[in-house]
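Written out below as structure tokens is the structure these notes cover.
The values are calculated or read from the model by the stated rules, or taken from the named source; none is laboratory data. These figures come from a predicted structure and were not determined experimentally. Positions of Cβ are generated from backbone atoms using ideal geometry, with glycine treated the same way; all protein chains shown enter the neighbour counts.
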Amino acid sequence: MTTGLRRLTPLTACLTIALMAGACDTPSPAPPVKPSTQAPAASEPPEASPTADPPALEIVGAAPDDLHDVDWPNTPAPGEVCGVPGLVQFDADGTATATSTTWGLVRILRGKEVLYGDTDGDHRDEAAVYVGCLDNGATQNGQIAAGYVIYTHAGGKLAALGTITPRQTGQYPTALARVEFAPGRIIAHEKWYRPGDPHCCPGGDATTVWTRKGNRLTPGDPRITS
């Protein structure tokens, strides 16, 4: 009687011989690979990162060729230092009353002295006018904000370039002593309240350099000098 193992043996032998015979045949060469005539797709150039538009100048009126000839007592100033939208027109005493979005009713003072200097190298001076903000007697603190509005030419117009404000902080609102102009920058001299200073007399001094690029004024970090 033939077992299952013996029945499978001839089949296995036949398969083995067939495989060996196939291995001895000469393989047919593969068809040649034709080079692609399609150029590789060009990579998309990276998108340029969007740049912020320069801030628009705020036109306040006509301007003479020399800002030293501006009628400053009758020139309005932006009310941003006091949180007052738009332009503020001062009376004959250099004061105005307006409603601040931050402090409510405020009194705004315009300084009488105008400071000049050239920051953009066009051989025409810019101008700085002091603007202070008082709380209109609501508290004993008096001054609540201070700044220098920087004016420049915009064609034949007088424009506000921006407002320089104190950057050093103290126990009361910091005051501004003056600003000075230099090529490409404006230096703000600040008077700040150190701990223990009476409200009348800030004893600390600091300077902040504001850099001008085009129509943009950017403050640096304040540097304490005393």
- prompt: Restricting the stretch 178-216 to residues that are surrounded by 13 or more Cβ atoms within 10 Å (Cβ to Cβ) and aliphatic (A, V, I, L, M), which is nearest to the chain's Cα centre (by Cα)?
  reply: Val209
query: When the stretch 170-190 is examined, which residues are found to be under 14 Å from Thr207 (Cβ atoms) and in contact with an Asp or Glu (Cβ under 8 Å, 6 or more places away or on another chain)?
result: Thr174, Ala175, Leu176, Ala177, Phe181, Ile186, Ile187, His189, Glu190
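I'd like the full set of residues that are assigned to a strand (DSSP E or B) and at pLDDT below 95, limited to the stretch 182-226. Reasoning before the result, please.
Here is the first cut: in the stretch 182-226, the residues assigned to a strand (DSSP E or B) are 182, 185-192, 204-213, 216-219, 223-224.
Those that are assigned to a strand (DSSP E or B) and at pLDDT below 95: none in the stretch 182-226.
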statement: Restricted to the stretch 60-86 and to residues being part of a strand (DSSP E or B) and in contact with a strand residue (DSSP E or B) (Cβ under 6 Å, 6 or more places away or on another chain), the residue surrounded by the fewest Cβ atoms within 10 Å (Cβ to Cβ) is Gly61
message: If the requirement is being among the small types (Gly, Ala, Ser), surrounded by fewer than 10 Cβ atoms within 10 Å (Cβ to Cβ) and at pLDDT below 50, which of these qualifies: Ala52, Ala42?
response: Ala42
task: Collect the residues in the stretch 191-226 that are touching a Pro at 6+ places or on another chain (Cβ under 7 Å), within 18 Å of Asp120 (Cβ to Cβ) and not small (Gly, Ala, Ser), keeping them in residue-number order.
output: Trp210, Asn215, Arg216
field: Residues that are within 14 Å of Leu176 (Cα to Cα) and out of contact with any Lys or Arg (no Cβ under 8 Å at 6 or more places or on another chain), drawn from the stretch 115-126
entry: none
